[in-house]
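The values are calculated or read from the model by the stated rules, or taken from the named source; none is laboratory data. As the structure is a prediction and not an experimental result, all values here were calculated from the model. Here Cβ is always computed from backbone atoms with ideal geometry, including for glycine, and neighbour counts include all displayed protein chains. All accessible areas refer to the heavy atoms of the entire protein, side chains included, with ligands and DNA or RNA removed. Shrake-Rupley method; radii C 1.70, N 1.55, O 1.52, S 1.80 Å.
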Amino acid sequence: MYYVNRGAVRYTECRRLHGTNADYKEAIGDFSKALELDANNFKAFYNLALCHANLEKYGIAAEEMSSAIALNPAYADAYHLRGLAYEYNGDLARAVADYEKALELKPDDEESEMHLKSIKEKKERDGTLSTTSGGRIEVAVPAESKAKVSLADVGGMKKLKERIVGMLSLLKDPHAAEKYGVGFGGGILFYGPPGCGKSFVAEAIAGEAGVTFIRTSIAETLNMYVGNSEKNLHAIFEAARAKQPAIIFFDEIEALGGSRENMAEHWSRALVNHFLMEMDQIEKRRERILVIGATNAPWYMDHALKRSGRFSESILIGPPDPEGREEIFRLRSRKIELLDGIDYRRLATMSDGFSCADIDTICTETAQRVWLEKTGRKVRTEDFALTIERGAREGRFRTVREWSDIAKRHDGDGQPSGLAGKKENMFG
C-alpha cells in the first residue's frame, strides 16, 4: 500500500504543478512496484492508466484500465477514462461502448454524455465510427454569416438592450471611442435554463450591429486527437479576426471552458488555457471581436474565464414574466388560423414558469391537433389551454423548474457561485 500511496502523491503533484514526463514515470514506477506485491490492486492499475494517459500513451492506458475494470466492473469512472483513452487513440467504436457503460452505471455523468454526443454527431457527418486519419490535423473552419434577426425581434429584455448599446457603438465606430481611450475586448456570458433564448439574443445582437456572426459547433471544435481542439479553436478566432468587426457565439461553452480544477486530463486543461490566451489577445490587440458564450451549467465554468477582459459580464436569461409569456403566445401563433378573441392573458397565467421553447411547443402541438381533426375550424383559447393542461398532467414543461433545482444545489440562492447576473426576460 506504501507504493500506491507514494505514487498517488507524486501523480497528484504532477497534475497540480504540470509535471514533466520524468515525474509521471516516477509515479508509474511506484504503481508498478505495488502490482509486483499485489497483482490484484485496483488502485494501482487505475492510477497507472492515468499516468500513461498523461504521457499520451493511450493504448497502454486503455490496457491498464481494462485490468482495473476486471477487478471492479461496477466503477463508472474507469469506463469513462478508458473511453477517453480509446477516443484519443482513434478507436471510436470502443469509446462509445465505454461511455454508454459509464452512463449506465452513473446516469448523471455529464462528461461521458458530452463525449458520447460528440462522437455520434461525428458519425452522422462521416457515416462511420472508424477513423483512418491517424491523428492528422484537420482544422475545422467555422461558417460565417450575417444574422437575419435584430433586437427588434426580441421582446422585453430592456435592461439587456441598454447594456449592449455601448458595445454595438464600439463595433460600429471604434475610432470615436479610441479618442477616450476606450477599447473593445472581452465577452458576455449568457446563462440560465434551456429554451429561454440565449442563442436567439446572441444572433439578434449580431443582426443589430450588422457584423459578421460566427456560430460555433462544439462537435466540430472538439477533436479526438491531442492538439487538434486547440487548432480548431484558434481557427475560429482567426476567422473572426479576418472579418472584423465580428461576433463569435459559443453555445454549451462549459465544454470548452470547464473548470480546470475538476479536470484529470492534461489535454482538457490545455484547451482551457488556449481559450484564455485567445480571449487575452482580443483585449491586448484591441480587436473588434465580441465573444458571447451561452451555458446551462455556469457552475462548471473555469473562474479564470470570468475575470475582466474575458467573460467579465454574466447575464442570467431566465423564463419570461407574465407580459413576456403573453407576447410570446401572440408572436408564436401569428401563422395559426385563430378564432377572434384569443385570451392571451389567461394562457400567460396558465403557463407560469414555462420557457420560450415550452410555449413554442404548446402553439405547435395545438395547431397540429386542431388540423388533424379535419373539421376546418379555427384554433380557440380552449385548444391552447387543453395542451397546457395535458402537458402538466404528463409532467412536461418542467425544464425551468428542474434547472432551478440543480442551480440551487450549486448555490443556496439559485445564483451559481461567482456569477452576478440579473434575471432578464426574453421572447420573440
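Figures for the structure shown
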{"read-out": "Search result, residues across segment 308-330 that are more than 24 Å from residue 293 (Cβ to Cβ) and touching an Asp or Glu at 6+ places or on another chain (Cβ under 9 Å)", "value": "322, 325, 328"}
{"read-out": "Matching residues in segment 72-102 - criterion: being within 16 Å of residue 43 (Cα to Cα) and within 22 Å of the chain's Cα centre (by Cα)", "value": "77, 80, 81"}
{"read-out": "Selected residue (criterion: farthest from residue 87 (Cα to Cα)) from residues of segment 271-304 that are open to solvent by less than 40 Å² (accessible area, probe 1.4 Å), among the aliphatic types (A, V, I, L, M) and assigned to a helix (DSSP H, G or I)", "value": "282"}
{"read-out": "Positions within segment 361-379 being touching a helix residue (DSSP H, G or I) at 6+ places or on another chain (Cβ under 6 Å) and open to solvent by 30 Å² or more (accessible area, probe 1.4 Å), in sequence order", "value": "365"}
{"read-out": "Filter pass, residue 328 being among the hydrophobic types (A, V, I, L, M, F, W, C) and either surrounded by fewer than 21 Cβ atoms within 10 Å (Cβ to Cβ) or within 26 Å of residue 247 (Cα to Cα) (or both)", "value": "no"}
{"read-out": "Only one of 61, 78, 85, 39 that is more than 23 Å from residue 229 (Cα to Cα), modelled with pLDDT of 80 or more and open to solvent by less than 30 Å² (accessible area, probe 1.4 Å)", "value": "78"}
{"read-out": "Residue within segment 327-344 that is more than 30 Å from the chain's Cα centre (by Cα) and assigned to a helix (DSSP H, G or I) present", "value": "yes"}
{"read-out": "The lone exception for residue 356 - which of (1) surrounded by 17 or more Cβ atoms within 10 Å (Cβ to Cβ); (2) over 28 Å from residue 317 (Cα atoms) it fails", "value": "(2)"}
{"read-out": "Given (1) within 23 Å of residue 95 (Cβ to Cβ); (2) of a type outside the set (Phe, Trp, Tyr); (3) at pLDDT below 85, number of the condition residue 304 does not satisfy", "value": "(1)"}
{"read-out": "Any hit, segment 343-351, residues being farther than 16 Å from residue 196 by Cβ, without any contact (Cβ under 8 Å) to a residue 60 or more places away in the chain, open to solvent by less than 20 Å² (accessible area, probe 1.4 Å) and not charged (D, E, K, R)", "value": "yes"}
{"read-out": "3 or more residues open to solvent by less than 70 Å² (accessible area, probe 1.4 Å) and at pLDDT 75 or above: qualifying strands (runs of 3 or more DSSP E) within segment 132-244", "value": "187-191, 212-215"}
{"read-out": "Members of segment 6-34 found to be open to solvent by 30 Å² or more (accessible area, probe 1.4 Å) and modelled with pLDDT of 50 or more, listed by number", "value": "6, 21, 22, 23, 25, 26, 29, 32, 33"}
{"read-out": "Failed item in (1) open to solvent by less than 80 Å² (accessible area, probe 1.4 Å); (2) out of contact with any Pro (no Cβ under 8 Å at 6 or more places or on another chain), with residue 398 passing the rest", "value": "(1)"}
{"read-out": "Residues satisfying the stated conditions in segment 65-91, i.e. assigned to a helix (DSSP H, G or I) and either in contact with a Cys (Cβ under 9 Å, 6 or more places away or on another chain) or in contact (Cβ under 8 Å) with a residue 60 or more places away in the chain (or both)", "value": "81, 84, 87, 88"}
{"read-out": "Any hit, segment 305-320, residues being buried (at least 21 other Cβ atoms within 10 Å of the Cβ), more than 21 Å from the chain's Cα centre (by Cα) and either farther than 13 Å from residue 250 by Cα or not basic (Lys, Arg) (or both)", "value": "yes"}
{"read-out": "Segment 331-342, residues that are out of contact with any strand residue (DSSP E or B) (no Cβ under 7 Å at 6 or more places or on another chain) and either over 24 Å from residue 319 (Cβ atoms) or open to solvent by less than 40 Å² (accessible area, probe 1.4 Å) (or both)", "value": "333, 340, 341, 342"}
{"read-out": "Given (1) open to solvent by less than 50 Å² (accessible area, probe 1.4 Å); (2) acidic (Asp, Glu); (3) farther than 20 Å from residue 154 by Cβ, number of the condition residue 382 does not satisfy", "value": "(1)"}
